[in-house]
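Asker: Supplied in structure tokens, the structure appears directly below.
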Amino acid sequence: MTDKPKDWVFSDPRLQDLRQEYEAYTAEDFKVWKILYERQMPNLPKAASQAYLDGVEIVKFTADRIANFEELNEILKKTTGWAVQVVPGLIDDDLFFGLLNNRRFPSSTWLRKMEQLDYLEEPDMFHDAFAHMPLLTNQPYVDFLEKLSGIALKHIDNPWAIQLLSRIYWFTIEFGLIRENGELRIYGAGILSSKGETKFSLSDEPAHYPYDVRRIMNQEYWKDKFQDKYFVIESYEQLYNSIPEIEQVLEEMLAENKVK
């Protein structure tokens with residue numbers, strides 16, 4: 001992987017001819033987007049990070065219009081230089097991290113059906129767009145994504161390394177909390193798209209820990225229920241500035257695993 005040029009993903013056949021066919025969305029698709037948007041958005045002004053709320057305004061998301069990637073990419077190009085790349089669904093680690101390392105956020109284009117409003121086995125476009133994309137307007141956040149994925153690509157053939165880095169991604173990008181003006185706020189996309197976990201994550205029920213790279217890398221997570229612990233950053237700059245520590249702790253843990 002390290003021998004490949006940085007922009008190898010743009011010619012990868014797995015991405016060939018993939019685009020958002022906006023005109024193909026049905027009346028049910030628009031209804032699903034509207035229901036999900038109106039069900040969750042009222043919960044966020046007092047729960048979500050200000051950077052997320054500002055991002056929603058910047059990308060111009062509304063309940064009545066499914067996110068349009070072509071329009072969104074024009075906005076992101078002017079703000080952080082990022083873009084959305086359509087993918088067929090869940091993708092291999094090399095392609096996932098390769099896209100992020102090239103400032104492209106991978107997203108599916110399919111929306112859940114009415115009967116799937118409350119549970120999905122894999123993220124759909126509502127999760128990818130509503131929960132992730134507003135924060136792509138925040139520079140330290142996307143810089144962290146780019147650098148973290150670069151580390152992953154260096155170790156893409158080492159499953160243990162990818163597992164350790166996936167824990168960092170999970171407890172930050174997907175399930176991270178931030179302290180703003182003395183209050184806990186949400187920036188993790190897995191929480192932002194879940195009404196139930198939005199309330200739960202900010203309650204006194206789960207444990208809240210300061211952001212700690214080593215502790216996170218030693219922390220397993222689960223996908224089928226709410227987390228029982230969350231890690232709290234003080235700023236997005238703190239997240240980005242932790243990249244050297246992530247590299248260092250990763251190398252130490254890989255060396256320890258090799259000794260075993």
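Please treat every number below as a calculation from the coordinates, not as lab data. Keep in mind that what you see is a predicted model, and the values were worked out from it rather than measured. Here the Cβ is made from the backbone with ideal geometry for all residues, glycine too, and neighbour counts use every protein chain on show.
Asker: Can you list the aspartates and glutamates whose alpha carbon sits under 16 Å from that of Lys78, skipping same-chain ones fewer than 8 residues off?
Answerer: Output for Lys78: Asp54, Glu57, Glu70, Asp143.
Asker: If a paramagnetic tag sat 7 Å from the Cα of Glu28 along the Cα-Cβ line, which residues of region 96-133 would have the backbone N under 12 Å from that point?
Answerer: 111-117
Asker: Based on Cβ point charges of +1 for Lys and Arg and -1 for Asp and Glu, what charge dipole magnitude is obtained for the chain about its Cα centre, in debye rounded to the nearest 20? Please report the intermediate quantities before stating the final value.
Answerer: Details: 30 positive and 44 negative charges, 53 e Å.
My answer is approximately 260 debye.
Asker: Which of rounded, prolate, oblate describes region 8-259, given a ≥ b ≥ c as roots of the alpha-carbon gyration tensor eigenvalues and a/c under 1.5 marking rounded, otherwise prolate only if a/b is larger than b/c?
Answerer: Since a/c reaches 1.5 but b/c is at least a/b, the shape of region 8-259 is classed as oblate.
Asker: Relative contact order, percent, of the chain when contacts are C-alpha pairs under 8 Å separated by at least 6 residues?
Answerer: 19
Asker: Compute the Rg to Rh ratio over region 1-138 from the alpha carbon atoms, using the Kirkwood formula for Rh, and round to two decimal places.
Answerer: Working: Rg = 15.4 Å, Rh = 15.9 Å.
Taking Rh as the inverse mean 1/r over Cα pairs, Rg/Rh reads 0.97.
Asker: Mind giving me the FRET efficiency for Glu121 and Glu252? R0 is 30 Å, r the Cβ-Cβ distance, nearest 0.05 is fine.
Answerer: According to the calculation, E is roughly 0.30.
Asker: Given H placed 1.01 Å from N in the peptide plane, which residues other than close sequence neighbours of Tyr209 have an amide H under 5 Å from its amide H?
Answerer: Tyr230, Phe231, Val232
Asker: What order do you get for 243-256, 10-23, 134-147 when each peptide is scored by the mean count of other beta carbon atoms within 10 Å, highest first?
Answerer: The peptides rank, most packed first, as 134-147, 243-256, 10-23.
Asker: Please label the shape of region 1-47 as rounded, prolate or oblate, based on the square roots a ≥ b ≥ c of the eigenvalues of the alpha-carbon gyration tensor (a/c under 1.5 means rounded; beyond that, a/b larger than b/c means prolate, else oblate). Please list the in-between numbers first.
Answerer: Working: a/c = 6.05, a/b = 1.79, b/c = 3.38.
It is oblate, given that a/c is not under 1.5 and a/b is not larger than b/c.
Asker: Next question, about the same structure. Taking 0.36 nm per residue of sequence separation and subtracting the Cα-Cα distance, how much length would be gained by fully extending the chain between Glu237 and Trp110, in nm to one decimal?
Answerer: Numbers: separation 127, 0.36 × 127 = 45.72 nm, distance 3.30 nm.
Residue separation times 0.36 nm, minus the Cα-Cα distance, leaves 42.4 nm.
Asker: Strictly over 21 Å apart at the Cα level, which of Lys195/Lys223; Lys147/Lys195; Lys34/Lys195; Lys46/Lys147; Lys195/Lys225; Lys34/Lys229 would you flag in this model?
Answerer: Beyond 21 Å: Lys147/Lys195; Lys46/Lys147; Lys34/Lys229.
Asker: Cross-link candidates for Lys4: which aspartates and glutamates have Cα within less than 20 Å, leaving aside residues fewer than 8 places away along the same chain?
Answerer: Asp12, Asp92, Asp93, Asp94, Glu146, Asp157
Asker: Lysines near Lys258 by alpha-carbon distance under 21 Å, same-chain residues fewer than 8 away left out - which ones?
Answerer: Reachable lysines: Lys154.
Asker: For a Förster distance of 30 Å, can you work out the FRET efficiency between the beta-carbons of Glu70 and Ile35, rounded to the nearest 0.05?
Answerer: 0.80
Asker: While we're looking at this one, here's another question. Taking a label point 7 Å from the Cα of Trp8 along the Cα→Cβ vector, which residues of region 70-97 have an amide N closer than 11 Å to it?
Answerer: Hits in region 70-97 for Trp8 at 11 Å: 94-95.
Asker: Could you give me the ³J(HN,Hα) list for region 76-88, computed from phi with Karplus coefficients 6.51, -1.76, 1.60 and θ = phi - 60°, whole Hz, x at Gly and Pro?
Answerer: Here the 3J(HN,Hα) series is 5, 4, 7, 9, 10, x, 8, 7, 9, 10, 5, 10, x Hz.
Asker: Express in nm, to one decimal, how much length is gained between Asp17 and Asp157 on full extension, taking 0.36 nm for each residue of separation and deducting their alpha carbon distance.
Answerer: Residue separation times 0.36 nm, minus the Cα-Cα distance, leaves 47.7 nm.
Asker: Ok, one more. Given the peptides 94-105, 195-206, arrange them by the average over their residues of other C-beta atoms within 10 Å, most packed first.
Answerer: So the peptides 94-105, 195-206, ranked by packing, come out 94-105, 195-206.
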